[in-house]
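Here, each number is a calculation from the coordinates, and none is a lab measurement. It should be emphasised that the depicted structure is a prediction, and the values quoted were computed from it without experimental measurement. Cβ placement follows ideal geometry from the backbone for every residue including glycine, while neighbour counts extend to all protein chains displayed.
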Ligand SMILES: Cc1ncc(COP(=O)(O)OP(=O)(O)O)c(N)n1
Ligand SMILES: Cc1nc(C(=O)O)sc1CCOP(=O)(O)O
Ligand SMILES: [Mg+2]
């Protein structure tokens, strides 16, 4: 779960005339590493049939498979887990049904919901809708402000979701999301694999290729949330020197302050950049 970066959810209304399994196989071959069956119209028997077919595909291709809304169908199809909404079964009940090994994820739309999900033992959260989306019509966008808030505080994996496509993904990643989730942009594209490749490259460009491998989402990963010159952001740098280099300030005449304390340049290499640090780089104004 920690390794997953790109979550693609089914949306058959977006690809009429193309088979569900073909579209999802293309998405996986393009880089989706977790797939969810979401179908609000299918009767239980049809849903189970689709779940079993997607289970077989995802197992063959080595990616995770989640069922939306229905823990019973997740169990019957031997899915890796279930995704719940705020109005669905409580996390604790789904956990009781699915056991400790399967994944239980939940949608969140506020930091209070995210905190509650983490406390209740969710394995991951959805954070959205980041942008207005026709897949969830009428739902107010939470904006990247909530992405930044959740990314700075929540330690379980979070997937930004809602209206995300290659044209706005960088904005979401810059807010601190390390994982993205999409429906229409991927399955509604004539080339789902290309969209997945694009999204995945953006994630890896921002956060590196090894996101989460063997690590938790805890204290340190590919990036650290900091406040830089008064603005929230993230850095992959481990030290003040690394951060200065990341900002192309290595050779410039600047003074650094970490959490209100001036740090001499000689100490930059061993001054760690920690989660939540407030860092200021102040330029010398040209002498004369
Ligand atoms: C990864 C992910 N995040 C959010 C959702 C939305 O779930 P929910 O709020 O229950 O709404 P529906 O999808 O059931 O309409 C999701 N499915 N997956
Ligand atoms: C299913 C869903 N849940 C959301 C949430 O915010 O919980 S947003 C959403 C729709 C995502 O679809 P698209 O990528 O087409 O916008
Ligand atoms: Mg739901």
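A few comments on the model shown:
- 0 to 90° range, to nearest 10: angle between helix 143-153 axis and the chain longest Cα axis: 70
- Contour excess over end-to-end distance, with Cα ends at residue 75 and residue 197 and 0.36 nm allotted per residue: 40.9 nm
- FRET efficiency, 1/(1 + (r/R0)^6) with R0 25 Å, evaluated for residue 97 and residue 13 via beta carbons: 0.30
- Nitroxide proxy distance, nm - points 7 Å out along Cα→Cβ at residue 120 and residue 274: 3.3
- Put in order of Cβ neighbour count within 10 Å, fewest first, the listed residues 181, 196, 4 become 4, 196, 181.
- Helix 44-61 and the long axis of the chain differ in direction by around 50°, with both axes built from C-alpha atoms.
- Sorting 159, 131 by the number of Cβ atoms found within 10 Å of their own Cβ, with the fewest placed first, yields 131, 159.
- Within the chain, percent of DSSP bridges classed antiparallel, to nearest 5: 35
- Kirkwood Rh, angstrom, the chain [1 / mean 1/r, Cα pairs]: 20.1
- Per-residue Cβ neighbour rank within 10 angstrom, fewest leading, 225, 110: 110, 225
- Enclosing the Cα atoms of the range 224-283 in their convex hull gives a volume equal to 69 cubic angstrom per residue.
- Helix 192-207 axis versus longest C-alpha principal axis of the chain: approximately 30°, rounded to the nearest ten.
- For the chain, the mean residue ellipticity at 222 nm estimated from helices alone is -9500 deg cm²/dmol, where every DSSP H run of n ≥ 4 contributes -39500 (n - 2.57) and the total is divided by all residues, rounded to the nearest 500.
- Of all DSSP bridge pairs formed entirely within the range 224-283, close to 90 percent run antiparallel.
- Taking label positions 7 Å along the Cα-Cβ direction at both residue 3 and residue 140, the computed distance is 4.0 nm, reported to one decimal.
- Extension gain, residue 46 to residue 204: 0.36 nm times the residue separation minus the Cα-Cα distance gives 53.2 nm.
- GNM remark for the chain: springs join alpha carbons under 10 Å apart, and the peak mean-square fluctuation among 112, 223, 160 falls on 112.
- The range 72-160: Cα Rg divided by the 2.2 N^0.38 Å rule of thumb: 1.10
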